[in-house]
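**Student:** One structure is given below, represented as C-alpha cells, and several questions about it will come after.
The values are calculated or read from the model by the stated rules, or taken from the named source; none is laboratory data. A quick note: this is a predicted structure, and the numbers were derived from the prediction, not measured. Backbone-built Cβ (ideal geometry, glycine too); neighbour counts: all protein chains shown.
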Amino acid sequence: MNMTVILITLVLLAASSYYVGLKKSVSIQKSEKLHSAPIYHGSLIAIYSLIVSLLFISMWRLFENYLYPEFSLSKNLIFFLSLLVFLITALIVFLKIEKNFRAREKVENIIEIFLLICSTVAILITIGILLSVIFEATRFFSMVPITDFLFGTHWSPQIPIREDQVGSSGAFGAIPLFTGTFLIAFIAMIIAGPIGLMSAIYMSEYATKKTRDIIKPLTEILAGIPTVVYGFFAVIVVAPFIRSSGEYFGLNIASESALAAGLVMGIMIIPFVSSISDDVINAVPQNLKDGSLGVGATKSETIVKVIIPAALPGIIGGLLLAISRAIGETMIVVMAAGMSANLTANPLEAVTTVTVQILVLLVGDQEFDSPKTLAAFALGLVLFFMTLILNYVALNIVRKYREQYE
Amino acid sequence: MFDNEELLKETKSQALNSETVGNIHVDDPRIIAKNINVFYGDKPAINNASIDIGKNEVLAMIGPSGCGKSTFLRCLNRMNDTIDTCRVEGELFLDNENILDKKTDVVSLRAKVGMVFQKPNPFPKSIYDNVAYGPKIHGMAKNKIELDEIVFKSLDKAGLFEEVKDRLDAPGTSISGGQQQRLCIARTIAVSPEVILMDEPCSALDPIATAKIEELIYDLKKNFTIVIVTHAMQQAARVSQRTAYFHLGNLVEVGPTSKIFTTPQHKLTESYITGRFG
Amino acid sequence: MNNLKSRIAKEKRFKAYGIISITTALTLLTILFISIFSQGYTAFQETRIQLPVYFDQEILDPNKTNDWNKIKKANFNGLVKQSIRNLFPEVSGRSNKRKLYKIISSSAEYQIRNIVNNDLSIIGSKQNIWVLADDDVDMLIKGNINRNLPENERRIDDQELMWIEYLESENLIKKVFNKTLFTSGDSSESEQSGILVALLGSLYALLITLVLSFPIGIATAVYLEEFAPKDNKFVDFIEVNINNLAAVPSIIFGLLGLAIFLNFFEMPRSAPLVGGMVLSLMTLPRIIIPARAALKSVPPSIREGALGLGASNVQAVFNHVLPIATPGMLTGTIIGMAQALGESAPLLIIGMVAFIVDIPQGFTDPATTLPVQIFLWADTPERGFVERTAAVIMVLLIFLVLMNSLAIYLRKKFEKNIT
C-alpha cells in the first residue's frame, strides 16, 4: 500500500464526508435557522479530518524513522490507522453539527492560519540563506583566517595538486575582488546616474503626455532585458568597440576590461535609476514647484534650485539601491570583466568581482572540504551583508523622505 | 443674537459633562444604547451617549460635521471594528443581547442590522448578483427560484424593479447614482434585517434621486427600524419621527422630530436648527 | 535684458541635456537590438546540400535479412562518403577526399540511417537527399565568411570554395528554415545544435516556479494586507524579510540551492526541479510586493459594503476584494515570471550549466534554460555559435515581450476595475 493510494483514499473520504456534513446541516436548516451556511459544515468535516489524519501519518513516519527504527509497522497498518483517525475526527465534527454550531468561523480560522503559514515562508527563506552561507563560511574561516580573507591583496584560489608546485597554497585575499566590484559599480554609476536622473527629470517635468506614453514602455523594455543578454552585448559589441577605439588612440586594452563591463552594466541600470528618480521627483509637492515658478523662475532653475534639493535624499537613496544592484549583478561581469584578480584602478584592465569568483569557484567540481569551494560561501556572506546594509540604508533614507511629504 | 465664538466656548464647557435633554426612552425599544463611549486612539469621539431606538420608527441623527453621529451609527452594527484604532465602551442591547460583547458574532449581527453607506458602493457585479450576494452567503435560499423571489422582492421594495427588470445582468455600476443607492438599499433589504442604518445616504445624489430615496424610507418604515444620519435638516424633518442631535461627541438632545425642529429645548440644538453653525 | 537671455539659454541647454540622456538610452537600446538581430537572424535558416544517395544493398543489408536490428549496425558513414564521392568523382587523394567529406555535417549519417529505419524498402534504390551542410559551408553561404578575402584569412580554402560554387551552380545547395535549431539539444557542432533542451528546461523550471511561488505569494499578500494584525512585531518581521529578499542578489539564492537543496536534501543536480525551486525563492517577493499593492488599491467601500451585509471578513476578501485585485496581482506575477525566465546566475550554481544533448523527459532530468544556453554558447568562439546565441536571445526576447504585453494588458484591465 503506497503513499499515493493512502492520499487518494483520504481525499475521496474527505469528499464524501463533505457531502455527509452538508446533508445533515441542510436537514436542520429545513426547520431551524442555521448559524453557518451548510457548505461550511460540510467543508469543516472534510478539512478537519483531512488535516488530523495527515498530521497523524506524518508524525508516525517521523517517529518510525528517527526514534524507533525497530518499531516499524507494515504500511497496511498505517493505512488503516489513518483511516480510523479520519473517521473518528469526522464523527466528532459530525455530532457537533447543530443550528448554533459556528462552522463558518472555524473554517475561516483554518483559512487564516493557512495564509499565516504561507507568509512565514519569507522568513524561512532568509533563515535558509543565512544558514547555508554562514555555515559553510565558518568552515572556510576555520581553514583560512578571516583577516587574511578580508585584508589580503592576493587572490588565487587554485589549490595545487602536488605539494612541491610553485605557489603551493591557494591565496584567499579578497581585496582585489572588492576593488574590482567597486570599480565596475563606479563606472556603471557614472553612466547610469546622470543619464537616468536627467531622463527622469525630462520625463516628469518637460515631456508631453504623448512622449511619456511612448518612452515609458521603451525604458520598461530596457529594464526587462535579461542580464545575460547585456553580457552578450558587452562581448560582441562593446568590448570590441572599446578595443578598437583604444587602438586608434594607441592604447592596448584587454578584450575583457572593467570599462566594457561597467559601461554595459551602466546601461542596464539606467531604467532602474530613472524609475526611482521619477517616483521621487513626483513626490515633491506641486506647491513647492508652483511657488518657484510663481516668482518667475525658469523651469530649469526650479528643477535645480527647488526640486532637486527637495528630492535629494530620495535620489541618494535611489542611487544607493542602484549601486547595490550593480554589486550583486553577475552575468555581465562574468562574461565581460574576466577572471583575473588584478588589484588595479585602471578601467582598461581586466578585473574580477565577488560574484564572478563565486560562480567560478562553484561551477564544475565542488569539494565541500576544500577552502576553494567554501571560499565562495564566504564571498556570498560578504555580498549578502554588503547589499543588505546598502538596501537598509537606502530604504530608510527613501522612507524618511516620503514621510516628509506625506 | 449669539456671537459664534461665544457659542463655541460655551459648547466646549458643556462638552465635558452634559446630560442629554429630552426623553431618550421609548415604549417599545428595539435597540437600547447605554453609556456609549468611543475613542479613536486616545481621542474621545463620543461621550457617554444613551438612547433607545424604537420599533418601526425612523430615527434621524443630525449635527455638525465631526459631531460623532456617523461614529455612533457605526457602533450599532460594529462596523467600527474595521478601524484598528477605534475602541467602543458601554452597552448596546439588541434582542436582550449586548452586541458590544466580544462573544457576539458580528457577522450575524450585521445580517440583522444592515447598513447603507454615504457613497453608493455597488459591487462590480451584475445588478442581480449584487442583491443575491447577501442571501447567498447567509444560505437564505434553497434554490434558484427562491433566490429569484428574494431578489425581485427586494428590488421591488427598493422601488427599483420596474427600472432595471430588463437588465438584471447589467453591471451594478452602470446605472445612475440614485439607482445605485437604491440598489444598495435593495441589497441590504434582501438579507431581511431588522434594523437598517443609513449613513448620509443622499449626500452624493441630486434632489430628484434624493426625493425618491426619502419616499422609499417612508415606505420601509412599515417593516424595518431605520436609523439615518443626515446632514440636511430638512431631510430629517421629512423622514423621521424622532431626532437626535449630536454635538462634538455629545448626544445633546433627543425628542420627537416635530418638537426638535419647532421648540428645541437646548441652546445648541436651537442654534444648529436656526443655522448658526453647521 | 541680457540676464534674461542667458537664463533662457540656460533653460534650453538644460532641456537639451534631458533630451540627450533619453536619446542616449534609446540609442543604446536600438544598438543592442540591431546588433543582436543582425547577428542572429541568419540562424533561422540552415544550409542543406543535395546528395545522390545510393542505398546499396551490399553495404546496408548484404544478407537480405530485412531486419532493422542488423541493418542499423551497417556502415552508414561509408554510404554517405560514397555518395559525396559520387557527387565529385574527380577528387582523388586521401587528404583531398577527407577535405571533401567535411563539407557535409557529420549528422548526415544519422539522417540517412533514420530514412532507412522509416522505410526499409528504400534499400537498393537511389534517392536525392538534402543533408545538412557543415557549419563552415553554412557560414559561407550565409555570407558570414567573405569569399573575397585571401585564402589564408578565411576558414574555407580555395578548393572547398570551388566545390561549393559548383554545388551552387548546379542548384544542389540551398537554405531552408532551420528546424534543427528547435528540435535538438546541444552539440559540439554548431550546425547540429539546438535549443530544445533549453526551451524545455525553461518551461519545466518556470512551471515549478509558478506552482510554488504563485499560491504562496498571493496567500502571503492576502494575509499581510487583509488579515494580519496591525502593529504586530511578528508581522513587521515578515514584511522586513520580504523587502530584504527582494533586494538580495540572485546569485545568493544559488548558494542556498547548492547548500540546502543539493547538499542537504540531496536533490539531483542540473534538474529543472531544483532550478524552479531556486527561482521561486527569488520570485516570491517579486510576486508579493505588487500583489499587496493591487489589494491595497481596491476601494475600501467595496469591503465595507460586503461587511455591512453581514459578510465575514474572509467572505468579503474572497468574494469581492480578490476578484477585483486579480488582474493586478496577475500583472505582478507575470512580470515576476518573466524575470525568472531571464535569470541565469543561480542556475549556473546548481549545475544547470552543462553540455546536454538528450531531451529532458521530466522535471528531474538534466537540462539547461534559455539564458544559460546563451551563456554557454556566447563562450564559444565559432561563428556558427555566435549566430545561434543571438538567435536564442531573439527567442528569449520574444517570450519576454509576449509575457510583458500580457502583463500590460492585465494592468490596463485592473486600472479599469478599480475606477
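**Student:** Residue A:235 - would you say it is of a type in the set (A, V, I, L, M, F, W, C), crowded, with 23+ Cβ neighbours inside 10 Å and assigned to a helix (DSSP H, G or I)? Please lay out each step first, then the result.
**Tutor:** Numbers: of a type in the set (A, V, I, L, M, F, W, C): yes; crowded, with 23+ Cβ neighbours inside 10 Å: no; assigned to a helix (DSSP H, G or I): yes.
So residue A:235 does not fit the description; no.
**Student:** Could you pull out the residue among A:177, A:183, A:131 that is among the hydrophobic types (A, V, I, L, M, F, W, C), surrounded by fewer than 16 Cβ atoms within 10 Å (Cβ to Cβ) and assigned to a helix (DSSP H, G or I)?
**Tutor:** Numbers: A:177 fails: surrounded by fewer than 16 Cβ atoms within 10 Å (Cβ to Cβ); A:183 fails: surrounded by fewer than 16 Cβ atoms within 10 Å (Cβ to Cβ).
From the options A:177, A:183, A:131, the qualifying one is A:131.
**Student:** List the strands (runs of 3 or more DSSP E) inside segment B:186-278, counting only whole elements, that have at least 2 residues being surrounded by fewer than 23 Cβ atoms within 10 Å (Cβ to Cβ).
**Tutor:** B:195-199, B:250-256
**Student:** Still on this structure: It is to be established whether one or more residues within segment A:318-334 are at pLDDT 80 or above, out of contact with any strand residue (DSSP E or B) (no Cβ under 8 Å at 6 or more places or on another chain) and more than 18 Å from residue A:264 (Cα to Cα). Don't jump to the end; show me each part of the working.
**Tutor:** If we filter segment A:318-334 for residues that are at pLDDT 80 or above, which is where we start, we get A:318-334.
Subset that is out of contact with any strand residue (DSSP E or B) (no Cβ under 8 Å at 6 or more places or on another chain): A:318-334.
Okay, now just the ones that are also more than 18 Å from residue A:264 (Cα to Cα), so A:318, A:320.
Scanning segment A:318-334, I find at least one residue that is at pLDDT 80 or above, out of contact with any strand residue (DSSP E or B) (no Cβ under 8 Å at 6 or more places or on another chain) and more than 18 Å from residue A:264 (Cα to Cα), so the answer is yes.
**Student:** Mind checking which residues of segment A:204-218 are more than 7 Å from chain C (Cβ to nearest Cβ) and either loosely packed, with under 13 Cβ neighbours inside 10 Å or assigned to a helix (DSSP H, G or I) (or both)?
**Tutor:** Of everything in segment A:204-218, those that are more than 7 Å from chain C (Cβ to nearest Cβ) and either loosely packed, with under 13 Cβ neighbours inside 10 Å or assigned to a helix (DSSP H, G or I) (or both) turn out to be A:204, A:205, A:208, A:209, A:210, A:211, A:212, A:213, A:214, A:216, A:217.
**Student:** Filter segment C:276-327 down to the residues that are farther than 21 Å from residue A:112 by Cβ, surrounded by fewer than 23 Cβ atoms within 10 Å (Cβ to Cβ) and without any contact (Cβ under 8 Å) to a residue 40 or more places away in the chain and list them by number.
**Tutor:** C:293, C:301 - these are the residues of segment C:276-327 that are farther than 21 Å from residue A:112 by Cβ, surrounded by fewer than 23 Cβ atoms within 10 Å (Cβ to Cβ) and without any contact (Cβ under 8 Å) to a residue 40 or more places away in the chain.
**Student:** Which one is farthest from the other protein chains (Cβ to nearest Cβ), of the residues in segment A:220-273 that are over 23 Å from residue C:401 (Cβ atoms) and acidic (Asp, Glu)?
**Tutor:** The qualifying residue farthest from the other protein chains (Cβ to nearest Cβ) is A:247.
**Student:** List the pairs whose first member sits in segment C:390-401 and is facing another protein chain (nearest Cβ under 8 Å) and under 15 Å from residue C:38 (Cα atoms), whose second member is buried (at least 18 other Cβ atoms within 10 Å of the Cβ) and not β-branched (Val, Ile, Thr), and whose Cβ atoms are under 8 Å apart, counting only residues at least 6 apart or on separate chains?
**Tutor:** Here the result reads C:390/A:232; C:390/C:39; C:390/C:40; C:390/C:43; C:393/A:232; C:393/C:40, each pair linking segment C:390-401 to a residue that is buried (at least 18 other Cβ atoms within 10 Å of the Cβ) and not β-branched (Val, Ile, Thr).
**Student:** Then there's this: Give the residues of segment C:383-419 that are over 19 Å from the mean Cα position of the chain (by Cα) and either in a loop (DSSP other than H, G, I, E, B) or of a type in the set (Gly, Ala, Ser) (or both), sorted by residue number.
**Tutor:** C:407, C:418, C:419
**Student:** Please find, among C:248, C:321, the residue that is over 24 Å from residue A:389 (Cβ atoms), modelled with pLDDT of 90 or more and in contact with a helix residue (DSSP H, G or I) (Cβ under 7 Å, 6 or more places away or on another chain).
**Tutor:** The match here is C:321.
**Student:** Anything in segment A:75-102 that is in a helix (DSSP H, G or I), under 30 Å from residue A:32 (Cα atoms) and not hydrophobic (A, V, I, L, M, F, W, C)? List them, or say none.
**Tutor:** The first filter runs over segment A:75-102 and keeps only residues in a helix (DSSP H, G or I), leaving A:75-96.
Subsequent filtering for residues that are under 30 Å from residue A:32 (Cα atoms) retains A:86-96.
Correct list: A:89, A:96.
**Student:** In segment B:73-100, which residues are β-branched (Val, Ile, Thr) and within 14 Å of chain C (Cβ to nearest Cβ)?
**Tutor:** Passing the criteria: B:82, B:83, B:85, B:99.
**Student:** Criterion first (farther than 30 Å from residue A:108 by Cβ and away from chain A (no Cβ under 14 Å)) does residue B:145 satisfy it? Full working, then the answer.
**Tutor:** Values: farther than 30 Å from residue A:108 by Cβ: no; away from chain A (no Cβ under 14 Å): yes.
Judged against the criteria, residue B:145 is not a match.
**Student:** Still on this structure: Could you list all residues from segment C:106-121 that are assigned to a loop (DSSP other than H, G, I, E, B) and in contact (Cβ under 8 Å) with a residue 60 or more places away in the chain?
**Tutor:** C:106, C:107
**Student:** The conditions are (1) away from every other protein chain (no Cβ under 14 Å); (2) more than 30 Å from residue A:123 (Cβ to Cβ); (3) not in a loop (DSSP other than H, G, I, E, B), and residue C:149 fails exactly one of them. Which is it?
**Tutor:** Just one mismatch for residue C:149, condition (3).
**Student:** Does residue A:180 satisfy being within 9 Å of another protein chain (Cβ to nearest Cβ), closer than 30 Å to residue A:386 by Cα and touching a residue at least 60 places away in the same chain (Cβ under 8 Å)?
**Tutor:** no
**Student:** Evaluate the following for residue C:353: is it within 8 Å of chain A (Cβ to nearest Cβ) and surrounded by 20 or more Cβ atoms within 10 Å (Cβ to Cβ)? First the steps, then the outcome.
**Tutor:** Working: within 8 Å of chain A (Cβ to nearest Cβ): yes; surrounded by 20 or more Cβ atoms within 10 Å (Cβ to Cβ): yes.
Yes: the conditions hold for residue C:353.
**Student:** Also, I was wondering about something else. Residue by residue through segment A:183-195, note down the ones that are at the interface with chain C (Cβ under 8 Å from one of its Cβ atoms) and either under 24 Å from the mean Cα position of the chain (by Cα) or more than 24 Å from residue A:288 (Cα to Cα) (or both).
**Tutor:** A:195
**Student:** Among C:263, C:241, which is the only one that is crowded, with 19+ Cβ neighbours inside 10 Å and at the interface with chain A (Cβ under 9 Å from one of its Cβ atoms)?
**Tutor:** Working: C:263 fails: crowded, with 19+ Cβ neighbours inside 10 Å.
After applying the criteria, what remains is C:241.
**Student:** Just to be sure before I move on: is residue A:227 under 22 Å from residue C:381 (Cβ atoms), in contact with a Pro (Cβ under 9 Å, 6 or more places away or on another chain), surrounded by 17 or more Cβ atoms within 10 Å (Cβ to Cβ) and of a type in the set (S, T, N, Q) in the structure I sent?
**Tutor:** Taking the combined requirement at face value, the residue satisfies it.
**Student:** Can you tell me which residues in segment B:220-246 are basic (Lys, Arg) and in contact with a Lys or Arg (Cβ under 9 Å, 6 or more places away or on another chain)?
**Tutor:** none
**Student:** Right, here's the next one. Has segment A:242-255 got at least one residue that is among the charged types (D, E, K, R), assigned to a helix (DSSP H, G or I), over 27 Å from the mean Cα position of the chain (by Cα) and surrounded by fewer than 22 Cβ atoms within 10 Å (Cβ to Cβ)?
**Tutor:** Yes; the residues of segment A:242-255 include at least one that is among the charged types (D, E, K, R), assigned to a helix (DSSP H, G or I), over 27 Å from the mean Cα position of the chain (by Cα) and surrounded by fewer than 22 Cβ atoms within 10 Å (Cβ to Cβ).
**Student:** Of the residues C:271, C:259, C:228, C:205, which single one is free of Cβ contacts under 8 Å to residues at least 60 places away in the same chain, closer than 30 Å to residue C:354 by Cβ and of a type outside the set (Phe, Trp, Tyr)?
**Tutor:** The unique qualifying residue is C:259.
**Student:** Restricting to segment B:142-182, name every residue that is over 27 Å from the mean Cα position of the chain (by Cα) and not in a helix (DSSP H, G or I). Reasoning before the result, please.
**Tutor:** Step one: of segment B:142-182, the residues over 27 Å from the mean Cα position of the chain (by Cα) are B:142-146, B:148, B:165-170.
The answer is B:142, B:143, B:168, B:169, B:170.
**Student:** Further, regarding this structure: List every residue pair whose Cβ atoms sit under 8 Å apart, with the two residues 6 or more apart in sequence or on different chains, where the first one lies in segment A:298-322 and is outside the structural domain of residue A:280 (by TED's automatic domain parsing) and free of Cβ contacts under 8 Å to residues at least 24 places away in the same chain and the second, anywhere, is surrounded by fewer than 19 Cβ atoms within 10 Å (Cβ to Cβ) and not aliphatic (A, V, I, L, M).
**Tutor:** Matching pairs, first to second residue: none at all.
**Student:** Given the condition under 15 Å from the mean Cα position of the chain (by Cα), more than 16 Å from residue B:197 (Cβ to Cβ) and not in a strand (DSSP E or B), answer yes or no: does some residue in segment B:66-83 qualify?
**Tutor:** Yes, segment B:66-83 contains at least one residue that is under 15 Å from the mean Cα position of the chain (by Cα), more than 16 Å from residue B:197 (Cβ to Cβ) and not in a strand (DSSP E or B).
**Student:** Looking at segment C:122-143, is at least one residue modelled with pLDDT under 80, within 24 Å of residue C:193 (Cβ to Cβ), in a loop (DSSP other than H, G, I, E, B) and among the basic types (Lys, Arg)?
**Tutor:** no
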